[in-house]
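Q: Before we start, here is the structure in question, set down as structure tokens.
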Amino acid sequence: MFAGSKTVSSERNDYIMKATGIVRRIDDLGRVVIPKEIRRTMRIREGTPLEIYTSVDGEVIFRKYSPVGEISGTADQYADVLYKVGGMPTVICDRDHVIAASGIQKKEVLERRVSSSLEDLIEQRKSLYRTADGVKMNPIEGVDRFAVACAPIMADGDVNGAVIMLSDKENSAVDEKTKALVEAAAMYFGKQMEDV
């Protein structure tokens, strides 16, 4: 455990809360500014939803909210189906981390951060379908696999994550079936989040 840190439990995760040494005052409208370095490190941008927790000790904890993470059980099952039908490793991520995977060792990818390339792609609300001679995009930091098909998950006009099929082979290109599977999955998750 880190000096000056506490272990904090939430419903979904246990994590370590580490003091930054930064103190901010609340203004007359009840606002507090999150320092730029923390926003950059934690990938918090304007419009990023934050969930607020309180403890009996008087702590206020801000945590990035992930609508995709809320349906992770369904995401696990859907990733399994996509892998079985599409025949390629499949991952489902929120805007920051992989939350479900199939066809690849889960310990290799779960909770890993998405790459800045994938982050930019989904921020622009774009899909990616690789052709045989297309540019390779590695969607997950520290994982040497590239995306064959990727579609953003949209709900209520917001981008919440992506559905990605990964290549096992050097020259894999997407076919119409794979493209349709990924697009249908992304639409399904978007609908699930809107109905919650």
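Q: Just to be sure, is Thr131 touching a residue at least 60 places away in the same chain (Cβ under 8 Å) and polar (S, T, N, Q)?
A: For Thr131, the condition - touching a residue at least 60 places away in the same chain (Cβ under 8 Å) and polar (S, T, N, Q) - is not met.
Q: Okay, moving on. Is it the case that segment 173-182 has a residue that's touching a residue at least 24 places away in the same chain (Cβ under 8 Å) and closer than 17 Å to Leu121 by Cα?
A: Yes, segment 173-182 has at least one match.
Q: Which of the numbered conditions does Glu119 fail, given that it passes all the others? Conditions: (1) part of a helix (DSSP H, G or I); (2) among the acidic types (Asp, Glu); (3) within 21 Å of Ala75 (Cβ to Cβ); (4) free of Cβ contacts under 8 Å to residues at least 60 places away in the same chain.
A: (4)
Q: Quick one: which residue in Leu166, Leu118, Leu128, Leu181 is within 20 Å of Arg43 (Cα to Cα), among the aliphatic types (A, V, I, L, M) and touching a strand residue (DSSP E or B) at 6+ places or on another chain (Cβ under 8 Å)?
A: Going through Leu166, Leu118, Leu128, Leu181 in turn, just one is within 20 Å of Arg43 (Cα to Cα), among the aliphatic types (A, V, I, L, M) and touching a strand residue (DSSP E or B) at 6+ places or on another chain (Cβ under 8 Å): Leu118.
Q: For the subset of segment 131-147 comprising residues that are under 29 Å from Gly47 (Cα atoms) and among the aliphatic types (A, V, I, L, M), which member is nearest to the chain's Cα centre (by Cα)?
A: The residue in question is Ile140.
Values in this text are rule-based calculations from the coordinates and carry no lab data. Computed from a predicted structure; not experimentally measured. Cβ atoms come from the backbone with ideal geometry, glycine included; neighbour counts cover every protein chain shown.
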